[in-house]
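Engineer: Got a structure here, written out as structure tokens. Questions coming.
The values are calculated or read from the model by the stated rules, or taken from the named source; none is laboratory data. Not measured: the values here are computed from a predicted model. Ligands, DNA and RNA are stripped out before the accessible areas are found, and what is left, the full protein with its side chains, is counted by its heavy atoms. Shrake-Rupley method; radii C 1.70, N 1.55, O 1.52, S 1.80 Å.
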Amino acid sequence: QVQLVESGGGLVQPGGSLRLSCAASGAISRIAAMAWYRQAPGKQRELVAFITNSGSTNYAGSMKGRFTISRDNAKNTVYLQMNTLKPEDTAVYYCHAMNTQYWGQGTQVTVSA
């Protein structure tokens, strides 16, 4: 059993930055890939980025160059650094252990002037 708890969301102005954290109760070193998803109001949940155990990363097109995913296996934590935020980045952001049933509860990110 793995529990995932996100933190770091909030209200930020356009062009600002936020860093999200996902703390796992179990060892994420055993999980092949960790991902961040997001869901905006009225839209489907979409993949933001994922990172494999070896450190390989992959980003959705609109997030490339603005977001950076990283993981610290020693701290059982995954991060999402978000820069140059836009109003369309407003969503609930979820942490997910890929190929498992484990999801976090989500953290709200609102980008607004």
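Engineer: Using a Gaussian network model of the chain whose springs link C-alpha atoms within less than 10 Å, name the residue from SER29, SER17, SER62 with the highest mean-square fluctuation.
Structural biologist: SER62
Engineer: Under a 1.4 Å probe, what is the accessible area of the chain per residue, stated in Å²?
Structural biologist: That works out to 51 Å² per residue.
Engineer: Whenever you get a sec, compute what percent of the accessible area on segment 73-113 sits on carbon and sulfur atoms (1.4 Å probe).
Structural biologist: 48
Engineer: Still on this structure: Using a cut-off of 24 Å between alpha-carbon atoms, which lysines can reach LYS64, once sequence neighbours fewer than 8 places away in the same chain are excluded?
Structural biologist: Reachable lysines: LYS43, LYS86.
Engineer: Further question: Under 13 Å Cα to Cα from LYS75, which aspartates and glutamates show up? Leave out anything in the same chain fewer than 8 places away.
Structural biologist: Within reach: none.
Engineer: Rounded to the nearest whole Å³, what is the per residue volume of the convex hull around the Cα atoms of the chain?
Structural biologist: So the per-residue Cα hull volume is 90 Å³.
Engineer: Now a separate question. When the chain is treated as a GNM, springs tying every alpha-carbon pair under 10 Å, which of ALA97, ALA74, ALA33 comes out with the largest mean-square fluctuation?
Structural biologist: Among ALA97, ALA74, ALA33, the largest mean-square fluctuation in the Gaussian network model of the chain belongs to ALA74.
Engineer: Using protein chains only and a probe of 1.4 angstrom, how many square angstrom of LEU18 are accessible, to the nearest 10?
Structural biologist: Surface open to solvent at LEU18 totals about 30 Å².
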